[in-house]
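Asker: Have a look at this one before I ask anything.
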Amino acid sequence: MTKTNMVPVPSLGIIPERDVNRMPILDIHHLGIDFGGLHAVEDFNLVIGRTEIAGLIGPNGAGKTTVFNLLTNVYTPSRGVILLDGVDIRGKKTWQLNEMGIARTFQNIRLFNKLTVEDNVKVGLHNICRYSTLEGVLRLPRYWKMEKEAHEKAMELLSIFDMQHMANYVAGSLPYGAQRRLEIVRALATNPKLLLLDEPAAGMNPSETAELMQNIRKIRDDFQIAIMLIEHDMNLVMGICEGIAVLNYGKIIAKGTPDQIKADPVVIEAYLGRQGEESLHAEG
Amino acid sequence: MSFLSYLINGISLGSIYAIIALGYTMVYGIAKMLNFAHGDVIMVGAYVCFFAVTRFSLPPVVGVLLAMVVCTLLGMLIERLAYKPLRSAPSLAVLITAIGMSYFLQNSAQLLWTSNPKVFSSVVGNGALKLFDGQLSISYVTIVTIIICFAIIALLLFIVQNTKMGKAMRACSEDKGAAMLMGINVNTTISFTFAIGSALAAIAGVLLCSAYPTLMPTTGSLPGIKAFTAAVFGGIGSIPGAFLGGILLGVIEIFAKAYISTQLSDAIVFAVLILVLVIKPTGLLGHEIHEKV
């Protein structure tokens with residue numbers, strides 16, 4: 001893969017050179033949340049370019065998923081500002097944020113297991129498919145038109161992962177890898193500008209992971225969206241992320257390109273413990 | 001011939017139970033709560049129709065539509081004021097609120113309309129269809145009730161299976177958090193469910209009082225309990241289950257009345273329920289819920 005040239009931006013982050021003259025998709029300032037007395041996330045600052053593939057890594061319990069939950073307002077931040085495409089998302093409901101352009105997948109798969117694969121994708125298309133329930137009940141022309149469009153769109157999205165033939169299977173019956181892929185398709189169906197992937201490669205074997213890497217890049221190229229991912233698989237992170245932020249104990253301890261992160265002594269310490277110590281307490 | 005007549009009456013009574021049970025089962029499926037005020041919404045619907053027809057001399061069809069509108073609004077209001085603030089409360093708190101709401105509706109009705117029974121005149125007309133040289137007579141109410149019940153089931157299955165609102169409902173029923181993150185307004189979806197359930201309650205109320213014409217503030221409570229039983233019988237959360245449970249319950253009740261004992265009929269109905277739940281705890285069409293430990 002050709003290396004992306006990363007350039008610094010005024011807010012002390014880095015974004016891909018190609019995105020420099022456009023509004024960053026995500027601009028986070030001093031974000032923080034407390035659970036009781038614990039600062040689960042503190043003074044979190046990050047800028048993500050419009051077509052960037054960004055990584056958020058860190059040891060277990062560092063607060064990565066909490067950041068995702070703050071971005072989707074599952075948790076309300078105690079402090080700080082999140083600008084999505086330049087708009088402050090404070091006070092927005094989770095479903096409204098989805099309409100504004102954030103979609104996500106989950107660390108432990110949360111598909112609608114009893115629905116078919118196609119219906120799972122169509123749930124994602126909910127806000128794009130516009131007709132009233134009355135029009136549906138009376139089966140007016142708009143119902144047929146919209147449902148036909150939804151079907152075609154669902155099939156097109158499933159074709160990204162070559163899953164069209166599985167459309168009528170019940171989601172809960174799919175093999176693990178396919179469920180992970182379906183979650184990404186369902187998230188894409190909501191037409192996001194920013195896709196959050198929470199450990200997309202968890203439980204995948206190396207060849208599945210390699211394929212996933214290609215697909216993540218392909219999704220970014222085809223849809224021209226930003227992707228932010230949490231992942232423990234360092235091959236994947238270093239292979240496709242352009243900018244990486246490392247989180248430890250709720251704070252960002254390093255930001256930079258994969259090469260910078262790999263060489264950063266603070267990161268190495270967070271992952272492997274202090275140099276010279278006998279045992280390596282590596283996590284995750 | 002009397003067997004056939006009992007069977008048809010049973011299916012008709014069961015149809016009313018089924019329509020009420022649908023309200024219980026849909027709300028349970030999506031909001032995971034037992035809305036014990038549902039039975040009293042039925043009573044309100046019947047009163048609205050009664051006053052529209054007798055006091056304001058509106059045509060019965062308009063009376064039914066008016067009852068549906070009032071009950072829809074009432075159902076949504078109850079959900080908004082009583083249940084929504086308790087969305088994340090323990091289920092016992094919600095259950096007790098629902099029972100409280102039930103008493104509130106009954107007592108309000110008593111204040112507003114007194115506890116004197118009103119004689120409800122059937123919205124369908126009192127005629128009967130005579131078959132086999134008059135040996136079998138089926139009242140129009142019975143026929144209309146059965147037809148309406150089947151139409152409602154078909155309509156609901158269509159909505160739930162094939163419209164985007166139905167998909168949103170099924171998604172919310174499985175995982176509200178994930179549904180929300182897919183852009184679904186969970187509150188609207190729950191509100192919509194209450195609206196449908198309450199509109200159906202209005203229809204059930206009118207049909208019930210057309211068949212059994214005494215209308216009192218407590219009219220809805222026993223049919224409400226029986227319909228809840230029907231929903232559990234068929235597998236709560238399942239629409240076909242509510243239908244099947246309702247019909248079976250109605251048929252069992254009428255047969256018990258006809259062949260065993262009028263006084264014991266309710267006891268027999270509930271005994272059958274207990275038997276079914278002992279043999280199949282999830283109800284006839286219910287799914288087992290696996291809880292991860």
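Asker: Enumerate the pairs (first residue in the stretch A:251-273 and under 29 Å from residue A:79 (Cβ atoms); second residue anywhere and open to solvent by 70 Å² or more (accessible area, probe 1.4 Å) and acidic (Asp, Glu)) with beta-carbon separation below 9 Å, excluding pairs fewer than 6 apart on the same chain, so at least 6 apart or on different chains.
Answerer: Close Cβ pairs satisfying both conditions: A:251/A:43; A:252/A:43; A:253/A:269; A:271/A:283.
Asker: How many residues, within the stretch A:211-227, are buried (at least 20 other Cβ atoms within 10 Å of the Cβ), touching a strand residue (DSSP E or B) at 6+ places or on another chain (Cβ under 9 Å) and part of a helix (DSSP H, G or I)?
Answerer: Counting residues in the stretch A:211-227 that are buried (at least 20 other Cβ atoms within 10 Å of the Cβ), touching a strand residue (DSSP E or B) at 6+ places or on another chain (Cβ under 9 Å) and part of a helix (DSSP H, G or I) gives 2.
Asker: Here's another thing I want to ask about it. Residues that are modelled with pLDDT under 90, farther than 18 Å from residue A:183 by Cα and surrounded by fewer than 16 Cβ atoms within 10 Å (Cβ to Cβ): does the stretch A:248-259 have at least one?
Answerer: Yes, the stretch A:248-259 contains at least one residue that is modelled with pLDDT under 90, farther than 18 Å from residue A:183 by Cα and surrounded by fewer than 16 Cβ atoms within 10 Å (Cβ to Cβ).
Asker: Can you tell me which residue within the stretch A:152-179, out of those that are closer than 27 Å to residue A:85 by Cα and within 14 Å of chain B (Cβ to nearest Cβ), is surrounded by the fewest Cβ atoms within 10 Å (Cβ to Cβ)?
Answerer: Among them, the one singled out is A:153.
Asker: I'd like to verify a number: residues in the stretch A:85-109 that are part of a loop (DSSP other than H, G, I, E, B) and in contact with a Gly (Cβ under 7 Å, 6 or more places away or on another chain), how many?
Answerer: Residues in the stretch A:85-109 being part of a loop (DSSP other than H, G, I, E, B) and in contact with a Gly (Cβ under 7 Å, 6 or more places away or on another chain): 1 in total.
Asker: Further question: When the residues of the stretch B:187-207 are narrowed to those that are open to solvent by 10 Å² or more (accessible area, probe 1.4 Å) and not aromatic (Phe, Trp, Tyr), which ends up farthest from residue A:123 (Cα to Cα)?
Answerer: B:203
Asker: So, restricting to helices (runs of 4 or more DSSP H) that lie completely within the stretch B:189-293, which ones have at least 2 residues that are touching a helix residue (DSSP H, G or I) at 6+ places or on another chain (Cβ under 8 Å) and under 30 Å from residue A:133 (Cα atoms)?
Answerer: The qualifying helices (runs of 4 or more DSSP H) are B:221-234, B:239-255.
Asker: Given the conditions (1) of a type in the set (Asp, Glu); (2) over 21 Å from residue A:226 (Cα atoms); (3) away from chain B (no Cβ under 14 Å), which single one is not true for residue A:88?
Answerer: That leaves (2) as the condition not met.
Asker: With the structure loaded, tell me whether residue B:179 is at pLDDT below 95, in contact with a Leu (Cβ under 7 Å, 6 or more places away or on another chain) and buried (at least 21 other Cβ atoms within 10 Å of the Cβ) or whether it fails that test.
Answerer: no
Asker: Filter the stretch A:34-59 down to residues that are open to solvent by less than 40 Å² (accessible area, probe 1.4 Å) and closer than 15 Å to residue A:193 by Cβ, then give me how many there are.
Answerer: The total comes to 7.
Asker: Further question: Among the listed residues B:25, B:54, B:97, which satisfies the condition of being open to solvent by less than 50 Å² (accessible area, probe 1.4 Å) and under 21 Å from residue B:218 (Cβ atoms)?
Answerer: B:97
Asker: Would the stretch A:88-103 turn up any residue that is open to solvent by 30 Å² or more (accessible area, probe 1.4 Å), within 30 Å of residue A:269 (Cα to Cα) and under 16 Å from the mean Cα position of the chain (by Cα)?
Answerer: no
Asker: Under 8 Å by Cβ, and 6 or more places apart or on different chains, what pairs join a residue from the stretch A:94-112 that is facing another protein chain (nearest Cβ under 7 Å) with one that is among the aliphatic types (A, V, I, L, M) and surrounded by fewer than 19 Cβ atoms within 10 Å (Cβ to Cβ)?
Answerer: Pairs found: A:94/A:74.
Asker: So, one more: List the residue pairs whose Cβ atoms are under 6 Å apart, where the first residue sits in the stretch B:149-161 and is facing chain A (nearest Cβ under 10 Å) and closer than 11 Å to residue B:239 by Cα, the second is at pLDDT 90 or above and open to solvent by 60 Å² or more (accessible area, probe 1.4 Å), and the two are 6 or more positions apart or on different chains.
Answerer: Sorted first by the residue in the stretch B:149-161, then by its partner, the list stays empty.
Asker: Quick check on my filter: what residues within the stretch A:135-145 are part of a helix (DSSP H, G or I) and either crowded, with 20+ Cβ neighbours inside 10 Å or more than 10 Å from chain B (Cβ to nearest Cβ) (or both)?
Answerer: Passing the criteria: A:136, A:141, A:142, A:143, A:144, A:145.
Asker: Right, next: Please pick out the residue among A:149, A:183 that is open to solvent by 50 Å² or more (accessible area, probe 1.4 Å) and in a helix (DSSP H, G or I).
Answerer: Just a single option satisfies the conditions, and that option is A:149.
Asker: Scan the stretch A:22-33 and give yes if some residue there is open to solvent by 50 Å² or more (accessible area, probe 1.4 Å), within 20 Å of the chain's Cα centre (by Cα) and under 26 Å from residue A:184 (Cα atoms), otherwise no.
Answerer: Taking every residue of the stretch A:22-33 in turn, at least one turns out to be open to solvent by 50 Å² or more (accessible area, probe 1.4 Å), within 20 Å of the chain's Cα centre (by Cα) and under 26 Å from residue A:184 (Cα atoms).
Asker: Looking at (1) polar (S, T, N, Q); (2) buried (at least 23 other Cβ atoms within 10 Å of the Cβ); (3) in contact with a Gly (Cβ under 7 Å, 6 or more places away or on another chain), which is the one condition that is false for residue B:210?
Answerer: (3)
The values are calculated or read from the model by the stated rules, or taken from the named source; none is laboratory data. Not measured: the values here are computed from a predicted model. FYI the Cβ positions are ideal-geometry reconstructions off the backbone, even for glycines, and counts take in every protein chain you see. Just the protein is used for accessible areas: all its heavy atoms, side chains included, with ligands, DNA and RNA removed. Shrake-Rupley method; radii C 1.70, N 1.55, O 1.52, S 1.80 Å.
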